[in-house]
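Take a look at the structure set out below.
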Ligand code: UT7
């Protein structure tokens with residue numbers, strides 16, 4: 001039996017319509033537009049009203065499926081990355097399958113906080129390579145504003161809600177469009193980003209995470225490109241987790257990928273945790289910043305601490 005790989009057929013996103021600007025936040029906490037833009041790079045973010053995590057995941061997945069050329073009957077795996085699902089059971093993936101009328105897919109959630117989408121993409125890729133699935137929907141979704149302390153200016157200015165989804169399919173190994181994953185965690189730093197039952201709001205040691213991200217991530221992201229056999233100057237776009245514009249710029253400088261367009265969706269969307277990479281990726285594709293077949297480097301990092309990234313070929 002010949003070896004198989006997987007490739008991305010489509011990427012789409014969903015964001016709630018309600019916009020929360022920095023100016024709006026000045027009416028809630030002691031902050032200002034200058035501080036937020038200069039320290040974090042955010043101008044505005046989207047806030048869900050009635051939409052649940054499962055709703056946003058479904059809306060993004062429906063768009064991705066429509067763009068993929070596949071039908072619901074083709075899908076045999078749904079993987080959702082999220083850390084903000086309120087219900088414990090059923091998981092978000094089962095809810096998405098229910099709302100999209102997908103019959104009997106394997107359906108499960110992954111929680112690695114902000115690095116979730118690359119973990120979910122790798123898991124789906126591995127399932128396809130193991131012939132446990134043929135066509136998968138991979139989703140990153142968060143409703144972080146359910147877990148935001150609106151009296152804490154150090155965190156409430158950061159977060160937004162949304163979802164991004166990709167459809168991936170089995171293909172010959174030579175046509176593979178999902179590269180090997182580079183993933184891991186830093187258990188000794190497990191307490192630096194938290195949403196805990198005795199304090200169900202995002203809390204973080206911002207500067208500790210900032211320093212770790214700036215110093216540790218660029219070599220790992222380079223390793224993901226190398227593992228896929230893509231040279232640094234061949235990478236056409238870099239889509240890192242959107243936590244802070246200064247982190248994005250700091251990592252990008254160290255990457256040495258001179259031809260890569262750098263995704264900076266944080267400006268318009270804030271930090272949407274597991275949704276940030278697929279959201280930013282979908283907007284690059286939608287805006288024509290990347291073309292079909294272009295190698296794009298994804299790299300997520302966040303609570304755990306966890307990290308994961310891989311090269312994908314633009315659909
Ligand atoms: O996505 C999961 C992974 N998380 C991350 O990657 C986050 C990484 N960290 C960061 O992005 C940054 O550390 C933050 C954006 C979270 C914070 O920026 P910072 O430059 O590290 O600020 P800071 O927390 O050190 O605060 C500096 C000052 C403090 O005032 P004093 O003590 O110097 O007088 C804060 O009280 O800024 C003050 N401050 C604010 N001022 C106006 C904190 N938040 C605000 C605010 N508006 N919203």
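What follows draws every value from the coordinates through simple rules; no lab data is involved. Bear in mind that the values here come from a model prediction, so they are computed numbers and not experimental data. Ideal geometry is used to build each Cβ from the backbone, glycine not excepted, and the neighbour counts take in all protein chains shown.
Okay, here's what the table says:
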{"item": "Rounded to whole Å, sorted largest first: equivalent-ellipsoid semi-axes of the range 258-315, Cα gyration tensor", "result": "20, 14, 9"}
{"item": "DSSP-defined antiparallel bridges as percent of all bridges, the chain, nearest 5", "result": "70"}
{"item": "Alpha carbon centroid spacing (whole Å) that separates the range 206-273 from the range 102-122", "result": "22"}
{"item": "Rounded to whole Å, sorted largest first: equivalent-ellipsoid semi-axes of the range 35-86, Cα gyration tensor", "result": "30, 14, 11"}
{"item": "Cα-based helix-to-principal-axis angle, 206-227 vs the chain, degrees rounded to 10", "result": "20"}
{"item": "Long-range tail of P(r) for the range 162-246 (Cα pairs > 15 Å, %)", "result": "73"}
{"item": "Value of D in µm² per second that Stokes-Einstein yields for the range 92-200, Kirkwood Rh from Cα pairs, at 10 °C (1.306 mPa s)", "result": "97"}
{"item": "Degrees between helix 245-255 axis and first principal axis of the chain (Cα, 0 to 90, nearest 10)", "result": "50"}
{"item": "Degrees separating the helix 276-286 axis from the principal Cα axis of the chain, which is the longest one", "result": "60"}
{"item": "Gaussian network model of the chain, Cα within-10 Å springs - most flexible of 21, 58, 272", "result": "21"}
{"item": "Label-point separation in nm, residue 207 to residue 73, each point 7 Å along Cα→Cβ", "result": "6.1"}
{"item": "Span per principal axis, largest first, for the Cα atoms of the range 144-195 (Å)", "result": "52, 30, 13"}
{"item": "Radius, Kirkwood style, for the chain when every pair of distinct Cα atoms is counted (Å)", "result": "19.1"}
{"item": "Segments 6-15, 203-212 sorted - mean Cβ within 10 Å per residue, highest first", "result": "6-15, 203-212"}
{"item": "Rounded D (µm²/s) - the range 1-156, Kirkwood Rh over Cα pairs, Stokes-Einstein at 37 °C, 0.692 mPa s", "result": "192"}
{"item": "For the range 215-278, projected area of the alpha-carbon convex hull averaged over all directions, nm²", "result": "4.2"}
{"item": "Inter-site label distance for residue 24 and residue 175 at 7 Å from Cα along Cβ, in nm", "result": "4.4"}
{"item": "If the convex hull is drawn through the Cα atoms of the range 187-315, its volume per residue in Å³", "result": "104"}
{"item": "q = 0.16 Å⁻¹: log10 I(q)/I(0) that the Debye formula gives for the range 75-144, counting C-alpha atoms only", "result": "-0.49"}
{"item": "For the range 1-53, the fraction of alpha-carbon pairs in successive 5 Å shells from zero, as %", "result": "4, 15, 16, 15, 13, 10, 7, 6, 5, 4, 3, 2, 1"}
